[in-house]
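A quick write-up on the structure given underneath.
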Amino acid sequence: MKKRILFICGDLNPKDLGGAEVHIVEVIKGLADRGHKCEVFVGNSDAICEIFTHENINVHTVSYMKVRNFASITYTEAAVRHISEFLHRESVDILHAKQVFPQAYIGAKLARRFELPLYVTVQNPMAYKEEMVLRGRIMRVFGSVWLKFAERWVRIGLKAADFCGCVSRYSESRAIDMGAGKTGIVPNGVDTNVFHPAKDRVDGYKIVTTSTLIPRNGIDTLVRAFGAASAEFPQATLEIAGEGPMEDELRSMAGRQQDADSKTQTAESRVKFLGTLSHKEVPDLLRSADLFVRPSRFEGFGVSFIEAMACGVPVITCPSGGIVDFVVDGETGILVPPDKPDQLANAIISVFRDRGKLENLKKNALQMVRERYSWDKIVDKVEEAYRQL
């Protein structure tokens with residue numbers, strides 16, 4: 001039986017889609033292709049309409065005041081008001097919240113008010129807290145008050161959910177710790193028609209990463225490790241796709257390494273900051289790479305890793321959060337401890353020295369991604385969960 005689903009999404013920028021955004025966009029498109037009606041509430045409908053063109057998808061704008069540091073609050077109040085007005089006029093079968101904060105809380109209020117089942121996608125239920133701790137913001141004025149407030153909203157949303165679709169075992173365990181009831185694993189996926197290996201490429205020493213430049217992604221560790229690895233392989237290059245508050249610090253770090261390096265290449269030629277790439281540009285970057293490295297400190301899942309794997313690019317990362325669901329050390333990737341640039345450098349060097357090992361990692365990872373992480377398989381899991389609501 002086909003459903004009418006109301007999605008609570010927040011802002012979706014088609015030019016800057018992270019893992020959580022890609023997940024909900026692909027799920028919505030997949031459900032629409034299967035005949036389900038999707039009512040999508042976002043904060044910026046003009047841009048996202050470029051993506052949602054299916055006749056079964058209707059996009060609704062939640063207009064709200066984007067007050068710095070308080071956007072979650074202003075969006076929540078506006079979303080509850082706008083969606084309530086819609087539900088007084090229209091009927092739907094299911095509410096689906098894109099994230100735990102603040103969308104799950106919005107869903108909880110609406111589910112109770114209109115007696116509707118609530119599905120919550122759980123990426124990393126405590127990402128907001130981990131990020132504040134890493135940035136040191138937790139010690140700032142009102143930091144602890146804000147954390148208590150946010151955590152209360154997360155707990156309310158998770159407890160109210162009839163089903164929490166968690167992207168990894170790590171996310172599931174965190175959600176259960178915070179009061180979630182019925183849970184299941186509904187991972188992130190990858191479009192293997194878009195992310196696929198290059199037909200012909202020459203092996204080299206190019207390392208790439210796609211990452212928002214924030215502390216939890218560990219790009220500072222990568223830049224330090226690259227300095228040591230490039231001493232062994234001076235022809236190696238590092239290309240960093242993404243922007244964020246750490247960019248100036250990372251550029252300075254790369255520059256300081258160059259000052260201490262007597263090699264003829266400039267820092268600019270060896271470490272390149274590419275800025276934010278559109279989702280359409282990422283596959284070509286990945287296919288040009290010999291290695292994908294992101295030594296994440298926290299990761300609910302990490303869709304960038306399976307995108308790299310789908311492009312036939314081996315990955316080096318850390319055993320944090322949901323990464324261990326798909327990176328088996330020495331089989332589908334290489335794992336090193338977080339915040340250990342020397343060990344990361346050694347891992348990079350070992351892979352570049354042993355091309356046979358590199359090829360095995362490619363083959364195993366590509367097979368695993370195709371078997372487990374296509375979007376068709378993910379949408380199957382979402383539909384099965386819907387049937388149980």
Original post:
What's the number of the condition THR317 fails, among (1) crowded, with 24+ Cβ neighbours inside 10 Å; (2) closer than 16 Å to HIS196 by Cβ?
Top reply: (2)
**OP:** Go through (1) more than 17 Å from GLU239 (Cα to Cα); (2) in contact with a Pro (Cβ under 6 Å, 6 or more places away or on another chain) and name the single condition LEU344 misses.
**Re:** (1)
**OP:** Looking for whichever is crowded, with 18+ Cβ neighbours inside 10 Å, farther than 29 Å from VAL369 by Cβ and more than 23 Å from the chain's Cα centre (by Cα) here; the options are ALA236, ALA231, ALA254. Which one fits?
**Re:** ALA254
Original post:
Hey, among the residues in the stretch 286-314 that are among the hydrophobic types (A, V, I, L, M, F, W, C) and under 15 Å from ILE334 (Cα atoms), which one's surrounded by the most Cβ atoms within 10 Å (Cβ to Cβ)?
Top reply: ALA308
Original post:
Is it the case that some residue within the stretch 154-175 is without any contact (Cβ under 8 Å) to a residue 40 or more places away in the chain and part of a strand (DSSP E or B)?
Top reply: no
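Taking the stated definitions as given, is VAL313 in a loop (DSSP other than H, G, I, E, B), closer than 18 Å to PHE233 by Cβ and of a type in the set (A, V, I, L, M)?
Numbers: in a loop (DSSP other than H, G, I, E, B): yes; closer than 18 Å to PHE233 by Cβ: yes; of a type in the set (A, V, I, L, M): yes.
The answer is yes for VAL313.
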Original post:
Is it the case that the stretch 227-240 has a residue that's outside the structural domain of GLN99 (by TED's automatic domain parsing), assigned to a strand (DSSP E or B), among the β-branched types (Val, Ile, Thr) and closer than 24 Å to GLU281 by Cα?
Top reply: yes
Subject >> Among residues of the stretch 319-341, those that are small (Gly, Ala, Ser) and part of a loop (DSSP other than H, G, I, E, B), counted >> reply: 2
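Assess whether PHE326 counts as being surrounded by fewer than 23 Cβ atoms within 10 Å (Cβ to Cβ), modelled with pLDDT of 95 or more and under 22 Å from VAL122 (Cα atoms). Show your work before the answer.
Details: surrounded by fewer than 23 Cβ atoms within 10 Å (Cβ to Cβ): yes; modelled with pLDDT of 95 or more: yes; under 22 Å from VAL122 (Cα atoms): yes.
Spelling it out, PHE326 is indeed surrounded by fewer than 23 Cβ atoms within 10 Å (Cβ to Cβ), modelled with pLDDT of 95 or more and under 22 Å from VAL122 (Cα atoms).
The values are calculated or read from the model by the stated rules, or taken from the named source; none is laboratory data. Since the structure is predicted, the reported quantities are computational estimates derived from the model, not experimental observations. No Cβ is skipped: glycine too gets one built from the backbone with ideal geometry, and neighbour counts run over all protein chains shown.
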